[in-house]
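Please read the structure below before turning to the comments.
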Amino acid sequence: MTPTILVVEDEPAILELLKVNLVDAGYDVREAPDAESAKARLKESLPDLLLLDWMLPGQSGLALAKQLRADARTRELPIIMVTARGDESDKVAGLEAWVDDYVTKPFSPRELKARIKAVLRRKAPEAAQEPLEVGALRLDPVTHRVTVEGKSVPIGPTEFRLLRFFLARPERVHSRTQLLDHVWGDHVYIEERTVDVHIRRLRIALEPFGRDGMIETVRGSGYRLAVPR
């Protein structure tokens with residue numbers, strides 16, 4: 001599943017530069033020219049990261065960031081502020097709005113991609129396009145392969161996304177609702193029992209390799225991926 005970045009930028013030349021470099025880095029890029037368009041995009045679906053210009057027509061990027069942090073649905077959305085405002089007071093204002101990083105124009109595409117990767121690794125590790133590993137169980141998002149001690153595990157696309165989410169957060173318990181929101185998408189309306197079906201399929205895929213027990217049921221709470229002791 002390709003990580004998605006929503007770029008909120010009103011200058012066409014900068015937007016095009018960002019799109020070219022981010023697509024080249026393997027991201028699915030969506031765009032919005034202002035805060036209102038960005039909110040409409042976010043209402044449709046949440047990206048993996050928001051790349052947000054400070055100076056926008058209408059509502060500023062800083063005001064939008066504060067608004068998103070006050071909303072439970074977007075509170076954890078990774079945000080990088082991109083701006084020409086490089087004064088220390090401006091950086092402090094951006095960080096006080098709880099953005100995850102701050103990039104000053106002009107910037108090098110290489111630096112921006114490194115910062116995006118670092119924020120995703122910290123805030124949404126399953127979107128960072130890096131291999132995830134717990135014990136002998138390994139998932140490579142680039143080759144789309146799951147292996148146990150080097151042996152390939154045949155796995156369906158939904159089970160792959162489910163396992164990727166678990167491997168990024170070992171030992172953490174996730175409710176069915178949380179799994180639906182993060183794995184299927186928060187605007188996909190399906191029954192919670194669908195999660196149980198795919199958990200069962202994931203266990204069946206891991207069973208021949210002796211790793212089905214890593215997917216634990218936590219009674220009354222949900223599921224977790226246990227780290228082998």
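The values are calculated or read from the model by the stated rules, or taken from the named source; none is laboratory data. Just so you know, these numbers come straight off a predicted model, no measurement behind them. No Cβ is skipped: glycine too gets one built from the backbone with ideal geometry, and neighbour counts run over all protein chains shown.
Number of residues in segment 24-44 that are within 23 Å of K113 (Cβ to Cβ) and not in a strand (DSSP E or B): the value is 8. Which members of segment 120-135 meet the condition of being free of Cβ contacts under 8 Å to residues at least 40 places away in the same chain, surrounded by 15 or more Cβ atoms within 10 Å (Cβ to Cβ) and of a type in the set (D, E)? Within segment 120-135, just E130 meets the criteria. Mind checking whether some residue in segment 45-63 is exposed (fewer than 15 other Cβ atoms within 10 Å of the Cβ), more than 21 Å from F165 (Cα to Cα) and among the charged types (D, E, K, R)? No; the residues of segment 45-63 include none that is exposed (fewer than 15 other Cβ atoms within 10 Å of the Cβ), more than 21 Å from F165 (Cα to Cα) and among the charged types (D, E, K, R). If you go through segment 91-101 one residue at a time, do you hit one that is at pLDDT below 90, in contact with a helix residue (DSSP H, G or I) (Cβ under 7 Å, 6 or more places away or on another chain), β-branched (V, I, T) and closer than 30 Å to L167 by Cβ? Yes, because at least one residue in segment 91-101 is at pLDDT below 90, in contact with a helix residue (DSSP H, G or I) (Cβ under 7 Å, 6 or more places away or on another chain), β-branched (V, I, T) and closer than 30 Å to L167 by Cβ. Filter segment 19-47 for residues that are touching a residue at least 60 places away in the same chain (Cβ under 8 Å) and among the hydrophobic types (A, V, I, L, M, F, W, C) and give the result. Of everything in segment 19-47, those that are touching a residue at least 60 places away in the same chain (Cβ under 8 Å) and among the hydrophobic types (A, V, I, L, M, F, W, C) turn out to be L22, A25, L46. Restricted to helices (runs of 4 or more DSSP H) entirely inside segment 111-229, those with at least 3 residues that are under 30 Å from L50 (Cβ atoms) and at pLDDT 90 or above are 157-168, 193-206. Residues considered: R85, R69, R41. Of these, the only one that is at pLDDT below 95, under 29 Å from H144 (Cβ atoms) and surrounded by 14 or more Cβ atoms within 10 Å (Cβ to Cβ) is R41.
Inside segment 206-229, residues that are surrounded by 13 or more Cβ atoms within 10 Å (Cβ to Cβ), over 25 Å from the mean Cα position of the chain (by Cα) and without any contact (Cβ under 8 Å) to a residue 60 or more places away in the chain make up a count of 1.
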